[in-house]
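Down below is the structure, laid out as structure tokens.
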Amino acid sequence: LTHLLKWDHPAIRRSRGRVQSVQSQRQAVADVLARNPGLAPRITEAITHCYRKARAEAANDVGLDENSFPATNK
């Protein structure tokens, strides 16, 4: 989620490393879901649970105010 928040922010450049990181994490999530299909119904719950921390981490990583990122994942 942290990578995706930074990915979507217009002031943050999409470097090659950031692109690779997002692609790698998407594949890792797909692999986990393939091995554990019962987790699929809980994705929304997991994202909601982790979003606030990801927002704070993204802001800290790039030196922006937390309010630069959406308050909710909706």
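The values are calculated or read from the model by the stated rules, or taken from the named source; none is laboratory data. Everything numeric here is computed off the predicted structure, so don't read it as measured data. FYI the Cβ positions are ideal-geometry reconstructions off the backbone, even for glycines, and counts take in every protein chain you see. The area values use the complete protein model at the heavy-atom level, side chains included, leaving out ligands, DNA and RNA. Shrake-Rupley method; radii C 1.70, N 1.55, O 1.52, S 1.80 Å.
Net charge near GLN20, counting Lys/Arg +1 and Asp/Glu -1 over other residues with Cβ under 13 Å of its Cβ?
Values: positive: ARG14, ARG16, ARG18, ARG26; negative: none.
Taking every other residue near GLN20 into account, the sum is +4.
Counting only heavy atoms of protein chains, what accessible area per residue, in Å², does the chain have with a probe of 1.4 Å?
Here the per-residue accessible area is 75 Å².
Any chance you could give the angle, 0 to 90 degrees and rounded to 10, that helix 43-62 forms with the longest Cα principal axis of the chain?
30
Report the one residue of ALA34, GLY63, HIS3 whose Cα lies farthest in the direction of the positive end of the charge dipole of the chain (charges on C-beta: Lys and Arg +1, Asp and Glu -1; origin at the Cα centre).
Value: ALA34.
What dipole magnitude, in Debye to the nearest 20, does the chain give about its Cα centre under +1 on Lys/Arg Cβ and -1 on Asp/Glu Cβ?
In debye, rounded to 20, the chain gives about 200.
Helix 16-35 sits at what angle to the longest principal axis of the chain, using alpha carbons and giving 0 to 90 degrees rounded to 10?
Between the helix axis and the principal axis of the chain, the angle is about 20 degrees.
Per residue of the chain, what 222 nm ellipticity follows from adding -39500 (n - 2.57) for every DSSP H run with n ≥ 4, rounded to the nearest 500?
On the way: 3 runs with 47 residues, N = 74.
After summing the helix terms and dividing by residue count, I get -21000 deg cm²/dmol.
Only Cα pairs under 8 Å and at least 6 apart count here; give the relative contact order of the chain as a rounded whole percent.
This gives 39 percent for the chain.
Return the carbon/sulfur percentage of the accessible area of the chain, one whole number, probe 1.4 Å, all protein chains in place. Each step should come with its number before you reach the end.
Numbers: 2900 of 5560 Å².
On the chain, the fraction of accessible area on carbon and sulfur atoms equals 52 percent.
How would you classify the chain from its alpha-carbon gyration tensor, with a ≥ b ≥ c the square roots of the eigenvalues: rounded for a/c under 1.5, else prolate if a/b is greater than b/c, otherwise oblate?
Taking the square roots of the gyration eigenvalues as a ≥ b ≥ c, the chain is oblate.
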